[in-house]
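Undergrad: Got a structure for you, questions after.
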Amino acid sequence: MNSVDSHILVIFGSSGDLTKRMLMPAMYDLYKKNLLPKNYAILGVGRTQFTDTEYRNHIAKGLQTHSAITKNESDGFLQHCHYVVSEFQKTNGIPAFVQRLTELDNKYKTQGNFIYYLSTPPQLYKPISEHLGISNIAKPSHTFPGWKRLIIEKPFGINTETAISLNTHLQTYFDEEQIYRIDHYLGKETAQNILVTRFFNTVFEPLWNRNHIHHVEITASEREGVGNRGGYYDSAGALRDMLQNHLLQLVALMAMEPPTNFSSKAIRNETLKVFESLRPLTLEKLERQVVRGQYTQSTIKEKQQNAYTEENGVPHDSKTETFVALKFFIDNWRWGGVPFFVRTGKNLPTRVSEIVITFKHIPHPVFIKNASGQEFKNQLIIRIQPDEGIMMRFGVKIPGIGFDVEPTNMNFKYAEHSKVSIPSAYERLLFDCMNGDSSLFIRADAVELAWKFVQPIIDEWEQNPDFPLYGYPAGSWGPKEAFDLKKPYGEWRQPCKNLTNSDTYCEL
Ligand code: BG6
C-alpha cells in the first residue's frame with residue numbers, strides 16, 4: 001500500500017488526445033502498481049455529451065490502443081472514472097461541475113483533496129483557473145478543507161510577456177506552491193538520472209567543469225514531421241515547442257550546482273541559477289549563434305516526403321522553423337568559456353535525445369594521435385531516449401606492436417540493468433503531484449527566465465524577414481549551417497549513419 005492521500009483528479013479537456021495517449025495510460029499504470037489510494041476518482045470535464053458509462057468506454061478504447069490492459073484490471077480502474085458535461089470556462093458551466101465534484105467528494109471521502117489538470121488549449125488556462133478561484137475551490141475552504149493542486153501543460157505563454165501575464169493570473173487564484181507546470185522531459189527517468197550520475201558518484205563531479213570539459217552538446221531529434229499538428233505547430237516552431245522548455249530544462253540539470261538537499265525548493269533554486277547565468281544573446285551575434293531550418297521535400301525509400309509548407313494546416317509561405325540549433329554560454333564559475341550547443345528538429349533521420357559531454361584533450365600528447373590519425377577526446381554520452389543509458393568513450397591500445405590507440409565504448413543500458421520497465425514521464429509526474437512533490441515541475445521564475453533567454457531570437461525572427469531560414473531535406477540531419485556552427489569544436493555526434501534510406505533505430 002502507499003501513502004498517497006485520497007483525492008479526485010479532475011481533467012479539463014478530458015476527451016482530448018493528451019488524456020487518451022498519456023494521462024489515462026499513466027493513471028492506469030499507477031493503478032496496476034497499486035500506487036493509487038483506495039479512495040480516488042477521476043472526473044473528466046468537457047463539452048462532449050458523455051454519460052459515465054460512455055466516458056468509461058471512451059477511456060477503455062484509448063487504453064486498448066496505448067496500454068497493455070487486462071479486463072479485470074481495467075474494469076476496476078474504470079469504475080473510478082466519472083464525467084460531467086460542463087464548459088467550465090464559461091460561467092454557466094460552473095454549477096454542474098461544482099455539484100458533481102461535491103457528489104464525488106462525498107462518495108469517495110476525498111476530503112476536498114483535488115488535482116485540477118488543465119489538458120486544454122492554452123487559451124482556456126486563464127478562464128478555467130479564474131472560475132476555480134471564484135467558485136472557492138482553488139484553495140482549502142470550510143466545505144473542501146483538503147489540498148488543491150493545479151497542473152498545467154506547456155506552452156506557458158508564447159514569450160516573456162505572456163508568460164509573466166499567465167503566471168500573474170494563475171497566482172491570483174492559486175499560491176505558487178499549488179501550481180505544477182509540467183515539462184514531460186523532467187519526468188523522463190534518464191533525465192532524472194543526470195542528477196544521480198552527477199551527485200551520487202565521486203568520479204564524475206570533479207571533472208564536471210570548465211577545467212575538464214571542452215564543450216557540451218544536446219540533441220533532441222524527431223523522426224516524424226508535424227503530422228496533423230500543423231495548425232498548432234506553425235504558430236510555435238521548434239524554438240518554442242522544444243528548445244525554450246525541454247532542452248533548456250536538460251541544460252539546467254546538466255549544468256546546475258549540487259543542491260544542499262533533495263527538497264524541491266533546493267533543486268529548483270539551483271536550476272534557476274543556471275537560467276540566471278545564461279549569457280544574454282545579442283543581436284550582433286545572433287546570426288552566428290542561431291541556425292533555423294525548415295524541412296523541404298525529399299524521397300525516402302522511394303516515398304516522397306512532404307515539405308513542411310505542404311503539411312496540413314501549414315500556410316504555403318510559412319517561415320516557421322522545424323529545426324533550430326543554438327550555441328550559447330553559461331557565465332558562471334563552473335562553466336565560464338565552455339560552449340553549449342543544442343539542436344532539435346522534426347523530420348530528422350531518427351528519434352534520439354542525448355547529451356554529449358566532450359572532455360578536453362590531454363595536456364601533452366604522449367601517444368600523439370590515435371590509429372585513425374585524428375585527435376581524440378573522451379566523451380560521456382547520456383542517452384535520454386531511446387535505448388536509455390550512459391556511454392563513456394575512451395581510448396585503448398590496439399593490441400600488437402607499437403602504441404596505436406583507438407576509441408572504444410563502455411556502456412550502461414537501462415534495458416540490460418533492470419527488469420523494472422521505465423515508467424512513463426506522466427506516470428512519474430502525476431504520482432509526484434499526488435504526493436505534493438514539485439521538484440520535477442517548473443517554477444514561475446524559471447519559466448520567465450527561460451523565455452527571457454530566447455526572447456531576442458523570437459524578436460529578431462519576427463522583425464527581420466531577412467534572417468536566414470535554411471531548408472533541409474526531410475530525413476536529413478538539418479541544414480549545413482548547423483554543422484558549420486558546431487564544426488570549430490568538432491562535429492555533432494552522429495549516432496546513426498546513412499540513415500535516410502532505412503527505418504532507423506539508433507543504438508546508444
Ligand atoms: C512535445 C512537443 O512537447 O514534445 C512535440 O510539443 C514533440 O512537438 C514532443 O514531438 C517530443 O517529446 P518526446 O517525449 O517524444 O521526445
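The values are calculated or read from the model by the stated rules, or taken from the named source; none is laboratory data. Predicted, not measured: the structure shown is a model, and the values here were computed from it. Because the Cβ atoms are built from the backbone with ideal geometry, glycine has one as well, and the counts that use them run over all protein chains shown.
Undergrad: Could you grab me the full set of residues in segment 172-203 that are among the acidic types (D, E) and assigned to a loop (DSSP other than H, G, I, E, B)? Walk me through it before giving the result.
TA: So the first thing to find is which residues in segment 172-203 are among the acidic types (D, E), and the list is 175-177, 183, 189.
Within segment 172-203, D175, D183 meet the criteria.
Undergrad: With in contact (Cβ under 8 Å) with a residue 24 or more places away in the chain, within 15 Å of the ligand (Cβ to nearest atom), assigned to a helix (DSSP H, G or I) and not polar (S, T, N, Q) as the only criterion, which of L239, L272 stands out? Step through it out loud before you land on a result.
TA: On the way: L272 fails: within 15 Å of the ligand (Cβ to nearest atom).
Exactly one residue qualifies, and that residue is L239.
Undergrad: Go through (1) of a type outside the set (F, W, Y); (2) within 19 Å of the chain's Cα centre (by Cα); (3) buried (at least 20 other Cβ atoms within 10 Å of the Cβ) and name the single condition L166 misses.
TA: Going through the list (1) of a type outside the set (F, W, Y); (2) within 19 Å of the chain's Cα centre (by Cα); (3) buried (at least 20 other Cβ atoms within 10 Å of the Cβ), L166 breaks only (2).
Undergrad: Keeping to segment 126-154, report how many residues are part of a helix (DSSP H, G or I) and crowded, with 16+ Cβ neighbours inside 10 Å. Explain how you work it out, then say what you get.
TA: Kept after step one, since they are part of a helix (DSSP H, G or I), are these residues of segment 126-154: 126-134.
Imposing the further condition that a residue be crowded, with 16+ Cβ neighbours inside 10 Å reduces the set to 126-133.
Within segment 126-154, residues that are part of a helix (DSSP H, G or I) and crowded, with 16+ Cβ neighbours inside 10 Å number 8.
Undergrad: Of everything in segment 223-236, what is within 11 Å of the ligand (Cβ to nearest atom) and either small (G, A, S) or surrounded by fewer than 20 Cβ atoms within 10 Å (Cβ to Cβ) (or both)? Give them in sequence order.
TA: Let us first name the residues in segment 223-236 that are within 11 Å of the ligand (Cβ to nearest atom), namely 223-227, 229, 232-233, 236.
Across segment 223-236, the qualifying residues are R223, E224, G225, G227, R229, Y232, A236.
Undergrad: Show the residue pairs that are 6+ apart or on different chains and have beta-carbon atoms under 8 Å apart, the first residue being within segment 373-398 and closer than 16 Å to M410 by Cα and touching a residue at least 40 places away in the same chain (Cβ under 8 Å), the second being within 16 Å of the ligand (Cβ to nearest atom) and hydroxyl-bearing (S, T, Y).
TA: Listed by first residue and then by second, the contacts come to I382/T190; R383/T190; R383/S353; D387/Y505; E388/T190; E388/Y414; G389/T190; G389/Y414.
Undergrad: What is the number of the single condition among (1) without any contact (Cβ under 8 Å) to a residue 24 or more places away in the chain; (2) exposed (fewer than 14 other Cβ atoms within 10 Å of the Cβ); (3) under 27 Å from the mean Cα position of the chain (by Cα) that E284 does not meet?
TA: Going through (1) without any contact (Cβ under 8 Å) to a residue 24 or more places away in the chain; (2) exposed (fewer than 14 other Cβ atoms within 10 Å of the Cβ); (3) under 27 Å from the mean Cα position of the chain (by Cα) one by one, E284 breaks only (3).
Undergrad: Can you spot a residue in segment 196-218 that is out of contact with any helix residue (DSSP H, G or I) (no Cβ under 6 Å at 6 or more places or on another chain), buried (at least 23 other Cβ atoms within 10 Å of the Cβ) and under 23 Å from P456 (Cα atoms)?
TA: Yes, segment 196-218 contains a residue that is out of contact with any helix residue (DSSP H, G or I) (no Cβ under 6 Å at 6 or more places or on another chain), buried (at least 23 other Cβ atoms within 10 Å of the Cβ) and under 23 Å from P456 (Cα atoms).
Undergrad: Select from segment 332-351 the residues that are within 16 Å of the ligand (Cβ to nearest atom) and outside any loop (DSSP other than H, G, I, E, B) and write down the one among them that is surrounded by the most Cβ atoms within 10 Å (Cβ to Cβ). Reasoning before the result, please.
TA: Looking only at segment 332-351, we keep the residues that are within 16 Å of the ligand (Cβ to nearest atom), and these are 342-351.
From what is left, the residues that are outside any loop (DSSP other than H, G, I, E, B) are 342-345.
Details: V342: 22, R343: 28, T344: 25, G345: 26.
Only one residue fits best here, namely R343.
Undergrad: What's the number of the condition D183 fails, among (1) within 12 Å of the ligand (Cβ to nearest atom); (2) out of contact with any helix residue (DSSP H, G or I) (no Cβ under 6 Å at 6 or more places or on another chain); (3) not small (G, A, S)?
TA: The one condition D183 does not meet is (2).
Undergrad: Something else now. Please verify whether V420 is within 16 Å of the ligand (Cβ to nearest atom) and either under 26 Å from E189 (Cα atoms) or touching a residue at least 40 places away in the same chain (Cβ under 8 Å) (or both), treating the condition exactly as stated. Let's see the steps before the verdict.
TA: Values: within 16 Å of the ligand (Cβ to nearest atom): no; either under 26 Å from E189 (Cα atoms) or touching a residue at least 40 places away in the same chain (Cβ under 8 Å) (or both): yes.
No; evaluated as a whole, the condition is false for this residue.
Undergrad: Only residues in segment 30-55 that are part of a loop (DSSP other than H, G, I, E, B) count as the first member; pair them with residues that are of a type in the set (D, E) and surrounded by fewer than 16 Cβ atoms within 10 Å (Cβ to Cβ), Cβ under 7 angstrom, at least 6 apart or cross-chain, and list the lot.
TA: P37/D5
Undergrad: Over 26 Å from the mean Cα position of the chain (by Cα) and modelled with pLDDT of 95 or more - does that describe any residue in segment 343-357? Steps first, answer last, please.
TA: Quick first cut of segment 343-357, residues over 26 Å from the mean Cα position of the chain (by Cα) only: none.
No; the residues of segment 343-357 include none that is over 26 Å from the mean Cα position of the chain (by Cα) and modelled with pLDDT of 95 or more.
Undergrad: If T120 passes every condition in (1) of a type in the set (S, T, Y); (2) in a helix (DSSP H, G or I); (3) within 16 Å of the ligand (Cβ to nearest atom) but one, which one does it miss?
TA: (2)
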